[in-house]
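The values are calculated or read from the model by the stated rules, or taken from the named source; none is laboratory data. Computed from a predicted structure; not experimentally measured. All Cβ positions, glycine included, derive from the backbone under ideal geometry; neighbour counts span all protein chains shown.
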Amino acid sequence: MIEVRGLTKRYGEVLAVDDLTFTVRPGEVTGFLGPNGAGKSTTLRLILGLESADSGTATVGGRPHAAQPAPLRAVGALLDPGAVLPSRTAYHHLLALAAGNGIPRSRVDEVLDDVGLGNAGRRRAGAFSLGMRQRLGIAAALLGDPPVLIFDEPLNGLDPEGIVWIRHLMRRMAAEGRAVLMSSHLMSELELTTDHLIVIGRGRLIADMTMKAFIAAHSDREVLVRSPRTGSLRRALPADATVREEGADTLVVTGLDTAEIGALAAVNDVELHELTSRRVSLEEAFMELTRDVQEYRAEREASR
């Protein structure tokens with residue numbers, strides 16, 4: 001389990017992380033979201049002891065990372081896939097990590113096979129593609145068989161097969177009882193992979209809930225309606241419903257569900273050809289929630 005309590009970090013006048021509190025629980029894949037500049041990478045570095053907090057705590061299994069006797073056995077992390085000597089083979093990179101954490105040599109071959117690099121273990125890491133370096137970084141995270149895993153943008157550089165592979169890997173790790181924290185800008189993959197969401201903006205927590213609850217709470221459900229009498233239907237809808245046209249015979253209605261629209265159509269003798277509830281995506285819900293905490297857009301608007 002990862003527990004963050006009142007975590008705060010300032011760089012000069014910039015408040016990168018502001019009194020942040022959340023928990024990443026075992027048995028779940030937790031998505032970590034926020035606009036660029038929200039403080040995600042700083043938070044991950046604070047959890048892993050790569051930065052010192054000004055106040056607050058971040059613990060893994062009840063201990064700060066610096067107090068872990070064998071760090072790779074407590075938490076596995078991928079923050080930078082390029083953090084490997086280019087002249088060193090994948091096998092010897094992992095072997096050096098294993099030796100420093102009391103991990104048996106046999107585990108190196110196991111994780112290389114697990115991430116699909118079994119045949120590339122004796123190749124120099126400098127010759128690896130970005131996708132292969134990502135796999136090597138994931139192998140390093142898995143090396144100590146830790147109960148907690150942290151991944152920052154693990155999908156970068158992966159081909160479609162690799163993306164599907166990592167999706168299944170994350171789900172398998174959580175099913176084994178591990179706590180998995182994953183940051184990514186690929187919303188569609190997070191929607192397929194994660195159970196829980198932590199969303200931050202300008203260093204502060206703005207959402208901490210299940211994926212399903214997040215989408216329901218931060219988006220209005222849309223209903224697509226097709227009818228040869230859209231004008232009559234539109235006049236029958238209440239004034240507080242939001243309606244937009246999508247073609248001559250199609251309306252998109254927000255603020256009413258399918259049952260309510262169907263009942264109004266029946267009372268007003270309006271023929272319906274389609275009545276479909278549209279599921280709002282994670283990306284749409286995220287954009288709506290973070291509209292006012294996107295640093296770069298705020299800067300552009302301030303300069304106008």
Segment 103-119: number of residues that are among the small types (Gly, Ala, Ser) and buried (at least 18 other Cβ atoms within 10 Å of the Cβ): 0
Given (1) without any contact (Cβ under 8 Å) to a residue 60 or more places away in the chain; (2) under 27 Å from the mean Cα position of the chain (by Cα); (3) under 21 Å from Asn156 (Cβ atoms), number of the condition Ala140 does not satisfy: (1)
Residue pairs meeting the criteria (Cβ under 7 Å; at least 6 apart or on separate chains; first modelled with pLDDT under 95, in segment 93-122; second hydroxyl-bearing (Ser, Thr, Tyr)): Gly121/Thr89; Gly121/Tyr91; Arg122/Thr89; Arg122/Tyr91
Candidate set: segment 95-120, residues that are over 19 Å from Ile166 (Cα atoms) and small (Gly, Ala, Ser); chosen: the one nearest to the chain's Cα centre (by Cα): Ala98
Wholly enclosed strands (runs of 3 or more DSSP E) of segment 1-102 bearing at least 1 residues surrounded by fewer than 13 Cβ atoms within 10 Å (Cβ to Cβ) and assigned by TED's automatic domain parsing to the domain that holds Gly177: 2-11, 14-24, 55-60
Any chance Glu161 is buried (at least 21 other Cβ atoms within 10 Å of the Cβ), at negative phi and charged (D, E, K, R): no
Wholly enclosed helices (runs of 4 or more DSSP H) of segment 195-294 bearing at least 2 residues closer than 30 Å to Leu181 by Cβ and at pLDDT below 90: 211-217, 282-289
